[in-house]
Amino acid sequence: MALSARNRLSGTVTSVTTDALTAEVVVELPDGQTITSTITRGSADRLELEEGDAVEAVIKASEVMVSKD
């Protein structure tokens, strides 16, 4: 699939937690770091996401916020 986003991180789904509307998907990267994504429940169902699936986290953001106390 061709996408304009250039930030793609391959990893493995370690958990999928769903409620009526959303799904929280945790992806572990090869170095042990994790990325958590909140997607629609419909998207998670359509992708048939399960623990152990190989996936790509595709990151496209128009802004990044940084804070410091």
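Read-outs: derived from the displayed coordinates by stated rules, not from any lab. Values in this document were obtained by computation on a predicted structure and should not be read as measured data. Quick reminder, even Gly has a Cβ in these numbers, built from the backbone with ideal geometry, and neighbours come from all protein chains shown.
The condition of being surrounded by 11 or more Cβ atoms within 10 Å (Cβ to Cβ) and either in a strand (DSSP E or B) or touching a residue at least 12 places away in the same chain (Cβ under 8 Å) (or both) does not hold for Ser4. One residue stands out in the stretch 21-44 among those that are part of a helix (DSSP H, G or I) and touching a residue at least 12 places away in the same chain (Cβ under 8 Å): the one that is surrounded by the most Cβ atoms within 10 Å (Cβ to Cβ), namely Ala44. Any chance the stretch 51-59 includes a residue that's without any contact (Cβ under 8 Å) to a residue 40 or more places away in the chain and either surrounded by 14 or more Cβ atoms within 10 Å (Cβ to Cβ) or acidic (Asp, Glu) (or both)? Yes, that holds for at least one residue.
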